[in-house]
Each structure stands twice: as C-alpha cells, then as structure tokens.
Amino acid sequence: QEAKPLDQFTRATQALTHIFLKTEVKPVVGIILGSGLGNFASQVENADVIPYDEIPGWPLSTVEGHSGKLVLGTIAGVPVAVMQGRVHAYEGYEMNEVVFPMRVLGMLGCKKLIVTNAAGGINTSYGEGALVNITDHINNTGRNAAIGPNDKRFAVQSGFGQRFFDMSNAYSPRLNALAKAEAARQGIALHEGVYMAVLGPSYETPAEIRAFRTLGADLVGMSTVHEVIIARHMGIEVLGFSLVTNMAAGVMPEANINHEEVMQIGKRLEPQFASLVKALVPQVAAA
Ligand code: HPA
C-alpha cells in the first residue's frame, strides 16, 4: 500500500517546524524581495539566516541573481521574515510550489506582506528606475495559485480561507496611503500602477505590450500575483512595489531587454527603495 501524499498544509507545517528550530523570531511582516533588490535583507537586525535548501519542501530557484535565503530578525524593532529570492512558474514549478513560501510566511505569523518585483514599464510616464506602488493586478498567466482542494486551515484571520474569495482590495488602499505619504516625506518619486503578470520566461513582443496597455496595464512582470492571491486567501494584507528595470518591449524603439540590465537597475535603485521600505515596516506593522 502506497503512502498518501502529504497535503500542502502538512508540508508547510514541516517547513515551519524547521524554521522554529532555527530562530526565535516570530515575524509579523513578511517581505519578498524581487530581482536586484536582494540586498535589502542586510537591513535586518539580529538576523537569523536560513538557506532555502535547508527548509523541507521549500522550492529552490534555478535563475541566476535570485539567491535563496530566509532572513528573520527585526527592522525598526518589528519582527520580520524576509525572502531573499523566490521561484517563478516559468522555471517549471507548479502553482502550489511557487506559493509554498507565501503559505509558510502566513503560518509563521505574518499578517502583512510587502511584496516587490522587477518589472517592465508599459506606462510611458515611467522611466527606467521608476519606483511604482502597485494598486492592482491583472493575472494574465493563465493559472491561479489557489487552484486545488481548498484548505481553510491556512486562514490567518476569521472569515478567510474560503474557496472563493474577494480580490477587490487585494492591494491594500490604506497601506498604499501610508506608502504615498512616506515617499512624499522622503522626497522619493513614487508612481502608481497596475501590474500585469505573464508566465514568461520570454519577454513580451511589442504587440503584446500595446495590447496590455489597452487592457489597462502599467507594468509587466513574471511574479507577485500568485503570492498576492494566496496572501488574500489567507487574510494577509498586501503592500506591493515594482521597480521599473526597463521600459517594456517596443516602448523605447531602439532598446532591447536583457536580464543583466534588470539586475543592474535594481542595484542602482536599492538605496532609495531600502529607505522607503525600512521606514514603512513599522507603519505597516502598526496599521
Ligand atoms: N517583462 C516581463 N518581466 C520583466 C520585465 C519585462 O520587460 N522586466 C523585468 N521583469
């Protein structure tokens, strides 16, 4: 007789057990760092660093520039869990694997999520290096991370963990207001926009980008929406940022897009990004 495969909740508890053996930090804010933004993890004080490959069930990235560590500690006194690196569906991972870390962040106690990514700019009022607060998304990946049997045990607050769940305020208006005010206070230009998610790994064609603009997208990227869907399933409040590492295909006629450029822009914008997010952590935690 074959053993029944473990359900996702049980597998997540195994990851949780490992993490609890390695740290006493009980994070309340989860932070996912996008391509080129990984250095932000150095802002974490009294850090306990857990390599992803030690955590049972945790998916490992196959892409260069996505180093894999879970960093637990404090930022401005707030206990946080920072994911330095994430996996993407284009690597061949199933949806439940892509969002496994998000499930674990929620089970660790994170009631808030700050999610970040590198994205292509579709809105022509952006330029390379623009920092954008995500106000909404369009999931154009053809997949949904909440697919499969529904498990109510994932809820972090009552009323969540439902089979069908609301996405109308997926990107929290009140957290966005905090971000806007903090950016103004620091004199950082913070744009707003709708993030279109594609499966990748190919970048888009100019015709796709024109189509996405018509559909209402300001940004395009290959991550984030799955994590946000799962965060909302669990009842976690979300604040999202994109760093425009390049203008999307066809927007700048002569340009073409490469991954090295995406990583470099991330490094250049790191200080601004870090100062904004660092100041927001205690505000988000207290909200
Ligand atoms: N398209 C999709 N994903 C991206 C891009 C892009 O232009 N830049 C960074 N991630």
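No lab work stands behind these numbers, since they all come straight from the coordinates. Note that the structure is predicted; figures quoted are calculated from it, not measured. Neighbour counts are summed over all protein chains in view; Cβ atoms, including those assigned to glycine, are modelled from backbone coordinates with ideal geometry.
Observations on the structure shown:
- Note on the chain: antiparallel DSSP beta bridges, both residues inside, total approximately 35 percent of the bridges counted.
- Counting Lys and Arg as +1 and Asp and Glu as -1 over every other residue whose Cβ lies under 13 Å from the Cβ of ALA15, the net charge comes to 0.
- Dipole magnitude of the stretch 8-286 about its Cα centre (Cβ charges: Lys, Arg +1; Asp, Glu -1), debye to nearest 20: 840
- Look at the dipole of the chain built from charges on Cβ: of THR224, ILE236, ASN258, the Cα furthest out on the positive end belongs to ILE236.
- Rounded to the nearest 10 degrees, the inclination of helix 173-186 to the longest alpha-carbon principal axis of the chain is 60 degrees.
- The trypsin sites (Lys or Arg not before Pro) of the stretch 125-233 meeting both criteria, a DSSP state outside H, G, I, E and B (loop) and at most 12 other C-beta atoms within 10 angstrom of the site's C-beta, are ARG163.
- Among ASN258, ASN96, ASN133, residue whose mean-square fluctuation peaks in a GNM of the chain (springs only between Cα atoms under 10 Å): ASN258
- Gaussian network model of the chain, Cα within-10 Å springs - most flexible of ASP48, ASP218, ASP136: ASP48
- Rg over Rh for the stretch 8-286 works out to 0.94, using Cα positions for both radii and the Kirkwood form for Rh.
- Taking Cα atoms only, the orientation of helix 8-22 departs from the longest principal axis of the chain by about 90 degrees.
- Sparse-neighbour loop sites [GluC sites (Glu not before Pro); the stretch 195-287; at most 10 other C-beta within 10 Å; DSSP]: GLU254
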